[in-house]
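Reviewing the structure listed below.
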Amino acid sequence: MGRSVDRAALGDFLRARREALSPEDVGLVPRVRRRTPGLRREDVAELCAMSVDYVARLERGDGPQPSAQMAAALARGLRLTLAERDHLFLLCGHRPACRELRGQHVGPALLRVLDRLADTPAQVIGPAGETLLQTPAAVALLGEQTQHAGLARSATYRWFTDHGERARYLLDDHELNGRVQVSQLRAAAARDGADSRAAQVVATLRRDSAEFAELWDRHEVGLRWSDAKRFVHPQLGRLDLHCQTLLDPDQGQSLLVFTATPGTEDAEKLALLAVLGTDRFPIG
């Protein structure tokens, strides 16, 4: 039997978390005149991709019960910790998500860093290889990677089932990329167990991809990505970039940041990509 929503406590909690944040905390331009502490409801609505009226009704305690998806959006927009996220789910009348789903929640520390990288290709990768968040520049460089559902959320699954996923990587790097993908998936499956999403991806790919099955049978472990990344953009052509990785060991998440050597043609292309964004360079 489902839990009931505690509307009064939910409204108080959301209001308190909103008032505890400043625009700088969430990457917004600070306002000169501020009549109330913290963020405005309009800010929260923008961060959570929901209407201002919906946010206001939740805070007043007369709104509808938020779905689990809405609760997750509120948790992310308000930069909640895992403990705060679990508390929010309970107030919304939902059980806290299992360990694997909680691993999809990007913590406030990584979000603060990502907020300051709006003009830089950067993205957060989950413990099973899912792209959880991307900056606009990362979407322009690599394509939109967060809209997938089911097993296709795994980059490894897409690598071996949709060869269009390889188009933005230099052909000479495809073989090594595949080996690293399999090695890291093997580590995730061993760590998370037989009932995990990683294990499901392994079972499906061993059945559906002869290439994956051959690499899996090599039992390679411990392979790592190179810091040097060679991409092929559909409009800008080849870009040789560096990839810096920031790890969140508590969440098993990684923040990848792509940069170019200053003064090079790659740096000029990267700057052009950041300025023009995805409007000029459609993904497809």
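Throughout, read-outs are computed from the coordinates displayed, never taken from laboratory work. Everything quoted here is computed from the prediction, not taken from an experiment. Ideal geometry is used to build each Cβ from the backbone, glycine not excepted, and the neighbour counts take in all protein chains shown.
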Taking only Cα atoms, what is the 0 to 90° angle, nearest 10, from helix 68-77's long axis to the longest principal axis of the chain?
90 degrees
Given axes a ≥ b ≥ c from the Cα gyration tensor, I'd like to know whether the stretch 7-97 is rounded (a/c under 1.5), prolate (a/b larger than b/c) or oblate.
prolate
Residues with amide H under 5 Å from that of Leu132, placed H, sequence gap 5 or more
Val124, Ile125, Gly126
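Could you tell me what fraction of 2.2 N^0.38 Å the Cα radius of gyration of the stretch 108-280 comes to, as a two-decimal ratio? If you can, show how the numbers build up before the last one.
Details: Rg = 16.1 Å, N = 173, 2.2 N^0.38 = 15.6 Å.
Normalised Cα radius of gyration, the stretch 108-280: 1.03.
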Relative to the longest principal Cα axis of the chain, at what angle does helix 174-192 sit, 0 to 90 degrees, rounded to 10?
50 degrees
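If you take the beta carbon distance between Leu223 and Gln244 as r and set R0 to 22 Å, what does 1/(1 + (r/R0)^6) give as a FRET efficiency, to the nearest 0.05?
0.70
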Estimated distance in nm for a label pair at Asp62 and Ala83, the labels positioned 7 Å out from Cα along Cα-to-Cβ:
3.5 nm
Mean shadow of the stretch 161-253, computed from the convex hull of its alpha carbons, in nm²?
7.0 nm²
To the nearest 10 degrees, the tilt of helix 82-91 (Cα long axis) against the first principal axis of the alpha carbons of the chain is 50 degrees
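So, with +1 on the Cβ of K and R and -1 on the Cβ of D and E, and no other charges, what is the size of the charge dipole of the chain about its Cα centre, to the nearest 20 debye?
Working: 38 positive and 38 negative charges, 177 e Å.
Approximately 840 debye in magnitude.
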Label point distance in nm, Tyr169-Ala194, each placed 7 Å from Cα along Cα→Cβ:
3.0 nm
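Run the helix sum for the chain: -39,500 (n - 2.57) per DSSP H stretch of 4+ residues, divided by residue count, reported at 222 nm to the nearest 500 deg cm²/dmol. Could you put the intermediate results ahead of the total?
Details: 13 runs with 131 residues, N = 284.
That comes out to -13500 deg cm²/dmol.
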